[in-house]
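J.: Here it is, the structure in full.
The values are calculated or read from the model by the stated rules, or taken from the named source; none is laboratory data. Since this is a predicted model, take the numbers as computed values, not measurements. Glycine also receives a Cβ, built like all others from the backbone with ideal geometry; neighbour counts cover every protein chain displayed.
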Amino acid sequence: MSMDNIYTTPEHVLLRDQIARFIEREVEPHAAAWEEAGSVPRDVLRKMGQAGLFGLMYESQYGGGEADALTNLVFAEALSQSTFGGFIITALVHTDMASPHLHHAGSAAQKARYLPGVISGETITAVGISEPCAGSDVAGMRTTAKRVGDEWVLNGTKMFITNGVHANLYFIAAKTGTARHDMSMFIVEKDTPGFTVGRSLRKTGWLSSDTAELVFDNCRIPAGNLLGDEGKGFYSVMKNFQTERIALGAMAVGHCTQAIKLTLDYVRQRQAFGATLWQQQTIRQRIAMLDAKTRAARQFMYHCAWSVQQGQDVVQEVSMLKALTGELVNEVLQTCQQFHGGMGYMRETPIERLWRDARVLGIGGGATEVMLEEVAKRY
Ligand SMILES: Cc1cc2nc3c(=O)[nH]c(=O)nc-3n(C[C@H](O)[C@H](O)[C@H](O)COP(=O)(O)OP(=O)(O)OC[C@H]3O[C@@H](n4cnc5c(N)ncnc54)[C@H](O)[C@@H]3O)c2cc1C
């Protein structure tokens with residue numbers, strides 16, 4: 001299966017190869033144990049930082065690579081060749097969903113303080129937007145931040161926060177006024193008094209990714225921890241969703257690609273009724289169609305990243321990508337698991353894990369229906 005397209009440069013190929021070697025050596029042999037433990041060891045993340053993988057898009061003065069949106073997509077897609085979604089999302093939340101808030105809105109002082117650690121992997125980040133009573137409806141959040149003297153005082157609860165348990169640095173959205181969209185982003189360090197992290201939530205999949213509830217009870221942070229302009233947090237969140245949703249698309253396409261490879265290998269050797277499963281026309285035609293859909297989605301994904309790079313407004317296209325790939329990955333995994341028969345239902349087979357991990361890709365980071373509304377309202 002060719003991985004090249006018109007957007008790929010020789011540097012992209014080198015990056016892909018570097019990540020493929022990392023996954024082969026450092027991830028696939030060990031990640032089953034991480035799934036048992038419920039988190040990815042910090043030294044693995046540190047190694048990724050040291051290898052230059054955590055700062056691709058960021059300024060060189062802080063240790064970053066100043067790369068463009070296509071390079072960042074190559075990174076997300078290459079990482080998504082792992083068959084462990086929990087590992088992939090741990091890294092992608094740090095690189096593509098949480099730390100971009102600092103990159104896009106941080107002041108020079110904030111970047112100087114935090115970005116070097118984010119890029120080296122010493123500091124792992126999380127982003128807290130969703131709440132027990134508000135997920136899709138971001139503006140419906142209830143967490144508040146009130147200015148008192150030279151501090152902000154945060155009160156409220158965040159829900160389903162990836163890297164919530166093990167992060168050191170959190171980017172938190174809170175209401176700073178009474179209007180529906182009046183919210184701001186804040187930087188909160190771990191161990192700030194008034195900030196507690198709940199237990200790791202038990203999930204269907206993404207087992208090596210820690211997911212937590214965060215509670216802010218009169219949590220006081222310095223005034224300087226406001227991230228970006230006061231009252232403009234909603235727009236920051238929406239802007240960052242574009243990076244996040246391309247990364248989630250890459251994850252979905254990566255899972256599709258891996259599932260198709262695994263299934264091709266399986267049905268070519270599995271015997272039934274005196275022949276391999278591959279010799280059943282219905283099986284090979286369905287795999288061919290899933291591969292066609294996956295390749296088409298992949299080209300659209302690269303086109304979206306290329307459009308971002310040209311500075312185009314791509315909210316409609318990126319919302320389409322998120323909806324399309326979030327559903328496609330479930331279609332692909334449902335069928336690929338089916339073709340593995342009983343073996344596909346066994347824990348610790350990669351196809352069973354991919355099937356479990358696929359489910360959330362139609363929910364997290366913008367549920368399919370919400371994405372389709374974003375598409376429809378732009379016609
Ligand atoms: C494993 C995991 C990790 C996550 N990590 C993070 C994180 O790091 N940070 C963070 O802030 N959040 C995180 N989330 C939260 C995630 O983004 C939300 O779960 C998601 O946005 C959906 O919100 P909700 O769960 O409140 O569902 P709701 O908003 O209650 O929606 C429930 C369902 O209703 C449907 N629906 C909602 N709105 C509409 C509509 N307008 N039209 C039609 N149908 C609709 C959709 O099918 C949706 O799935 C994570 C979630 C999970 C499961």
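J.: Across region 27-51, which residue is surrounded by the most Cβ atoms within 10 Å (Cβ to Cβ) among those that are assigned to a loop (DSSP other than H, G, I, E, B) and touching a residue at least 60 places away in the same chain (Cβ under 8 Å)? Break it down into steps so the answer makes sense when it comes.
T.: We begin by selecting, within region 27-51, every residue assigned to a loop (DSSP other than H, G, I, E, B); these are 28-30, 38-41, 51.
Applying the additional criterion that residues be touching a residue at least 60 places away in the same chain (Cβ under 8 Å) yields 38-40.
On the way: Gly38: 18, Ser39: 18, Val40: 27.
Out of the qualifying residues, it is Val40.
J.: Among the candidates Ala167, Ala179, Ala145, Ala174, which residue alone is farther than 30 Å from Pro29 by Cα, part of a loop (DSSP other than H, G, I, E, B) and hydrophobic (A, V, I, L, M, F, W, C)? Explain how you work it out, then say what you get.
T.: Working: Ala167 fails: farther than 30 Å from Pro29 by Cα; Ala145 fails: part of a loop (DSSP other than H, G, I, E, B); Ala174 fails: part of a loop (DSSP other than H, G, I, E, B).
Exactly one residue qualifies, and that residue is Ala179.
J.: Let me ask something else. Just need a number here: residues in region 345-379 that are more than 15 Å from the ligand (Cβ to nearest atom), free of Cβ contacts under 8 Å to residues at least 40 places away in the same chain and among the β-branched types (Val, Ile, Thr).
T.: Looking only at that region, the number is 1.
J.: Any chance you could count how many residues in region 344-379 are within 14 Å of Gly86 (Cα to Cα) and aromatic (Phe, Trp, Tyr)?
T.: 1
J.: Of the residues Ser107, Ser60, Ser80, only one is farther than 22 Å from Asn168 by Cβ, surrounded by fewer than 22 Cβ atoms within 10 Å (Cβ to Cβ), modelled with pLDDT of 95 or more and not assigned by TED's automatic domain parsing to the domain that holds Ala292; which? Please lay out each step first, then the result.
T.: Numbers: Ser107 fails: farther than 22 Å from Asn168 by Cβ; Ser80 fails: surrounded by fewer than 22 Cβ atoms within 10 Å (Cβ to Cβ).
Being farther than 22 Å from Asn168 by Cβ, surrounded by fewer than 22 Cβ atoms within 10 Å (Cβ to Cβ), modelled with pLDDT of 95 or more and not assigned by TED's automatic domain parsing to the domain that holds Ala292 holds for just one of Ser107, Ser60, Ser80, which is Ser60.
J.: Would you confirm, using the coordinates I've provided, whether Ser60 is over 19 Å from Thr257 (Cα atoms), without any contact (Cβ under 8 Å) to a residue 60 or more places away in the chain and not charged (D, E, K, R)?
T.: Here the answer is yes, as Ser60 does meet what is asked.
J.: Here's another thing I want to ask about it. Scan region 145-186 for residues that are over 23 Å from Gly86 (Cα atoms) and touching a Pro at 6+ places or on another chain (Cβ under 9 Å) and report the count.
T.: Looking only at that region, the number is 4.
J.: Give me the pairs: first residue in region 194-219 and within 13 Å of Gly164 (Cα to Cα) and in a strand (DSSP E or B), second residue near the ligand (Cβ under 10 Å from one of its atoms) and β-branched (Val, Ile, Thr), beta-carbon distance under 7 Å, and six or more apart or on different chains, which are they?
T.: Once the first residue is within 13 Å of Gly164 (Cα to Cα) and in a strand (DSSP E or B) and sits in region 194-219, its partners that are near the ligand (Cβ under 10 Å from one of its atoms) and β-branched (Val, Ile, Thr) give Ser200/Thr211; Thr211/Ile161; Thr211/Thr162; Ala212/Ile161; Leu214/Ile161.
J.: Right, next: Looking at (1) over 20 Å from Arg298 (Cα atoms); (2) surrounded by fewer than 16 Cβ atoms within 10 Å (Cβ to Cβ), which is the one condition that is false for Ile6?
T.: Condition not satisfied by Ile6: (1).
J.: Only residues that are in a helix (DSSP H, G or I), farther than 30 Å from His12 by Cα and of a type in the set (D, E, K, R): list them for region 267-312, please.
T.: Hits for region 267-312 are Arg268, Arg284, Arg286.
J.: Looking for whichever is within 15 Å of the ligand (Cβ to nearest atom), surrounded by fewer than 14 Cβ atoms within 10 Å (Cβ to Cβ), among the hydroxyl-bearing types (Ser, Thr, Tyr) and modelled with pLDDT of 95 or more here; the options are Thr157, Thr162, Thr204. Which one fits?
T.: The match here is Thr204.
J.: Then there's this: Scan region 96-142 for residues that are of a type in the set (S, T, N, Q), in a helix (DSSP H, G or I) and away from the ligand (no atom under 13 Å from the Cβ) and report the count.
T.: The number of residues fulfilling the criteria is 2.
J.: Could you identify the single residue in Leu262, Leu227 that is in contact with a helix residue (DSSP H, G or I) (Cβ under 6 Å, 6 or more places away or on another chain), among the aliphatic types (A, V, I, L, M), outside the structural domain of Trp355 (by TED's automatic domain parsing) and touching a residue at least 12 places away in the same chain (Cβ under 8 Å)?
T.: Details: Leu262 fails: outside the structural domain of Trp355 (by TED's automatic domain parsing).
The conditions single out Leu227.
J.: Need the failing condition index for Lys239 against (1) surrounded by fewer than 20 Cβ atoms within 10 Å (Cβ to Cβ); (2) modelled with pLDDT of 95 or more, just the number.
T.: (2)
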